[in-house]
1. Among (1) over 21 Å from the mean Cα position of the chain (by Cα); (2) free of Cβ contacts under 8 Å to residues at least 40 places away in the same chain; (3) under 24 Å from D9 (Cβ atoms), where does L148 come up short?
2. Does T83 satisfy the condition of being within 22 Å of S2 (Cα to Cα) and either of a type outside the set (A, V, I, L, M) or surrounded by fewer than 17 Cβ atoms within 10 Å (Cβ to Cβ) (or both)?
3. Does the stretch 22-38 contain at least one residue that is hydrophobic (A, V, I, L, M, F, W, C), surrounded by 18 or more Cβ atoms within 10 Å (Cβ to Cβ), within 30 Å of D177 (Cβ to Cβ) and within 21 Å of the chain's Cα centre (by Cα)?
4. Can you name the residue in the stretch 96-117 that is of a type in the set (A, V, I, L, M) and modelled with pLDDT of 80 or more and is also farthest from D177 (Cα to Cα) among such residues?
5. Go through the stretch 32-69 and give me each residue that's over 26 Å from A108 (Cα atoms), assigned to a loop (DSSP other than H, G, I, E, B) and touching a residue at least 60 places away in the same chain (Cβ under 8 Å).
6. From the list T190, T155, which residue is modelled with pLDDT of 65 or more and part of a helix (DSSP H, G or I)?
7. With the structure loaded, tell me whether Y94 is out of contact with any helix residue (DSSP H, G or I) (no Cβ under 7 Å at 6 or more places or on another chain), surrounded by 21 or more Cβ atoms within 10 Å (Cβ to Cβ), of a type in the set (F, W, Y) and part of a helix (DSSP H, G or I) or whether it fails that test.
8. For E133, state whether it is exposed (fewer than 14 other Cβ atoms within 10 Å of the Cβ), assigned to a helix (DSSP H, G or I) and modelled with pLDDT under 75.
Amino acid sequence: MSILIQAGDTVKTYLAHTAAGTVPLPRECPSCGGYLHSHGWFSRQVVEVLEAVALRLRRVKCTACGHTHVCVPHFLAPRRIFTSAAIEQQMVDYLSTPQSLRQVATAATGEPAYQRLWGWVQRLGQQAAGSLEGLQSVLTGLDLSGNLASALPATPVPEALADRKTRTPHTRQRFMDAWRLFVAITRLATVVAAHHVAGPQAGGEYIAWANWVLSGEGFPDLLSIPQCICLAAGKGPAVRSG
């Protein structure tokens, strides 16, 4: 299993935590609740925009059940080498500009791997309903009066997205749902910052959570206020990673 941890918001800040020896060490086993101890490190390649970096990820082992887990920075997507920020940037660029899949992918990665970008957008659109429900519950809990949320300016659908031609109505709906999710994330991040909540402060962090949901790990309560606080405290929730 993987245990999400808060150790900086980017690859650069995570590397700084690694160098300083301040990467969080969870102590409660997500399998049985037993005590975890450090069990070494391993290297995983991660790609930001036009740059590949090797990160050292901590392994932990339970003294009770013997299970080994991996501590994964929350800004990484499961089973993907791209950071969530890189994934987010490419999807937003495609949905909000007239650029083609190939153009966006080439600008971001130096190679025209547009099939990968297409898959990201499709999956995000398919899972948007569940993620939007979770985001709305967090937003309602933070802004009970609704005054702050209602005061935020409306975000119109980008002209490029409205004009984009698709082969089927289902594809167009997925694009629209994906954009609605990005808008909801932006609004929630604004409310979180305004209330000085001890939780994620940037839209990219919510995209990271959405990526864990999209991976099919079966974690329905991922977007909740208690877990916002857990992430900020370095006690990220555990998710099954196969």
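The values are calculated or read from the model by the stated rules, or taken from the named source; none is laboratory data. These figures come from a predicted structure and were not determined experimentally. Cβ atoms come from the backbone with ideal geometry, glycine included; neighbour counts cover every protein chain shown.
1. (2)
2. Values: within 22 Å of S2 (Cα to Cα): yes; either of a type outside the set (A, V, I, L, M) or surrounded by fewer than 17 Cβ atoms within 10 Å (Cβ to Cβ) (or both): yes.
Considered against the rule, which asks whether it is within 22 Å of S2 (Cα to Cα) and either of a type outside the set (A, V, I, L, M) or surrounded by fewer than 17 Cβ atoms within 10 Å (Cβ to Cβ) (or both), T83 comes out as yes.
3. Just the residues of the stretch 22-38 that are hydrophobic (A, V, I, L, M, F, W, C), to begin with: 23, 25, 29, 32, 36.
The next check asks that each one be surrounded by 18 or more Cβ atoms within 10 Å (Cβ to Cβ); those that pass are 23, 29, 36.
Still in the list and also within 30 Å of D177 (Cβ to Cβ): none.
Looking for residues that are hydrophobic (A, V, I, L, M, F, W, C), surrounded by 18 or more Cβ atoms within 10 Å (Cβ to Cβ), within 30 Å of D177 (Cβ to Cβ) and within 21 Å of the chain's Cα centre (by Cα), one finds none in the stretch 22-38, hence no.
4. Filtering the stretch 96-117 down to residues of a type in the set (A, V, I, L, M) leaves 101, 104-105, 107-108, 113, 117.
Okay, now just the ones that are also modelled with pLDDT of 80 or more, so 101, 104-105, 107, 117.
On the way: L101: 18, V104: 20, A105: 21, A107: 24, L117: 16 Å.
So, considering only residues that are of a type in the set (A, V, I, L, M) and modelled with pLDDT of 80 or more, the one farthest from D177 (Cα to Cα) is A107.
5. Narrowing the stretch 32-69 to residues over 26 Å from A108 (Cα atoms): 32-42, 58-69.
Still in the running and assigned to a loop (DSSP other than H, G, I, E, B): 32-34, 63-67.
Listed by number, the list holds a single entry, H67.
6. Only one candidate qualifies: T190.
7. no
8. Numbers: exposed (fewer than 14 other Cβ atoms within 10 Å of the Cβ): yes; assigned to a helix (DSSP H, G or I): yes; modelled with pLDDT under 75: yes.
Judged against the criteria, E133 is a match.
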